[in-house]
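Since every read-out is calculated from the coordinates, none of them should be taken as a lab result. Bear in mind the structure is a predicted one, so any value in this text is a computation, not a measurement. Don't worry about glycine lacking a Cβ; one is built from the backbone with ideal geometry, like all the others, and counts go over all protein chains shown.
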Amino acid sequence: MYVCLCQGVTDGQIRDAIYEGCCSYREVRETLGVASQCGKCACLAKQVVRETLGDLHSSQAVLAYPAAI
Ligand code: FES
């Protein structure tokens, strides 16, 4: 799904950027250029970043504490 039409950025690209090391909305924006033109996508882009970081942290918690499952 396209999140940013101006830059042609999809939610998958945002997720990939986070898996490859971006750890904030600002870093994703600097890396992909998302929300750098009209800015209409900022809300959705932030939401995707927040969800992906949440998923990442919960999967890391599972890896760090496997006995807790
Ligand atoms: S839709 Fe993302 S900057 Fe316009």
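Some points to look at:
- Model label sites at GLU27 and GLN47, defined 7 Å from Cα along the beta-carbon direction, differ in position by 2.4 nm.
- Residue list for segment 1-18, given a label point 7 angstrom along the Cα-to-Cβ vector of CYS38 and an amide N cut-off under 14 Å: 2-9
- Here the peptides 6-17, 33-44 are ranked by packing, the mean other Cβ count within 10 Å, and the order with the highest first is 6-17, 33-44.
- Only helices enter the 222 nm calculation for the chain: every DSSP H run of n ≥ 4 contributes -39,500 (n - 2.57), and dividing by all residues gives -18500 deg cm²/dmol, rounded to 500.
- Ratio Rg/Rh, restricted to the chain and using Cα atoms, in which Rh is the Kirkwood radius: 1.08
- With a simple spin-label model that places each label point 7 Å from the Cα along the Cα-to-Cβ direction, the separation between GLU20 and TYR2 comes to 2.1 nm.
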